[in-house]
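Trainee: Here it is, the structure, as structure tokens.
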Amino acid sequence: MRIRQISIFLENKPGQLSAICRALADADVNIATLSLADTADFGIVRMIVDDHEKAKSVLAEKGHVANVREVIAVCVPDRPGGMAEVMQVLDAAQANIEYSYAFAFHKGEKAVLVFRFDDNDKAESALKAAGFTTLGEDEIEV
């Protein structure tokens, strides 16, 4: 299963993240998690929201460049070594990770690792074969 994530490109200056969060809040779009990476000139915010199409539309109206991409969310036990076990499977499959971030899901019980791979099908097959659960959009609590 896959989930869709919205990626927003921002100028690297004060107030940019606040502006997109406010625009989404005003449109009643809820953010489940986000990741922010920056360079000297721009940043990329990656978000999982409850309505990615609405989010993309709202942000485009505000002049932001936004894309929707499929990512894989892997559910793991929230304990030491959970991510290491996933990484072992991905290494064995020679899966190339483009980026990743994580968030707690039922704190103390589960964690969710979000990945974008150069070959999502290959990585997802390896994870499922190893017994890991990948989550669909309806399973992410937003």
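Trainee: Can you pull out the trypsin sites (Lys or Arg not before Pro) in segment 60-142 that DSSP calls coil and that have at most 10 other Cβ atoms within 10 Å?
Mentor: Answer by residue number: LYS107.
Trainee: Follow-up question, since we're still on this one. Could you work out what % of the accessible surface of segment 1-128 is carbon and sulfur, using a 1.4 angstrom probe and leaving DNA, RNA and ligands out of the count?
Mentor: 47 percent
Trainee: Oh, and also: Under 1.5 on a/c is rounded, so check that first for segment 80-132, then, if it is not, pick prolate when a/b is larger than b/c and oblate when it is not; a ≥ b ≥ c are the square roots of the alpha carbon gyration tensor eigenvalues.
Mentor: prolate
Trainee: I've got another one for you. If you count only protein heavy atoms with a 1.4 Å probe, what accessible area per residue comes out for the chain, rounded to a whole Å²?
Mentor: 54 Å²
Trainee: Of LEU17, CYS75, HIS52, which is farthest on the positive side of the dipole of the chain, counting Cα position, with +1 on Lys and Arg Cβ, -1 on Asp and Glu Cβ, and the Cα centre as origin?
Mentor: Of the candidates, LEU17 comes out farthest on the positive side.
Trainee: Given that just one value was derived from the coordinates, which of [x] 18.7; [y] 15.9; [z] 15.4 is Kirkwood radius over Cα pairs in Å?
Mentor: [y]
Trainee: Order these peptides, 3-16, 27-40, 47-60, by their mean beta-carbon neighbour count within 10 angstrom, highest first.
Mentor: 47-60, 3-16, 27-40
The values are calculated or read from the model by the stated rules, or taken from the named source; none is laboratory data. Predicted model only: the values in this text are computed from it and were never measured. Because the Cβ atoms are built from the backbone with ideal geometry, glycine has one as well, and the counts that use them run over all protein chains shown. We work out accessible area using only protein heavy atoms, side chains counted, and drop any ligands, DNA or RNA first. Shrake-Rupley method; radii C 1.70, N 1.55, O 1.52, S 1.80 Å.
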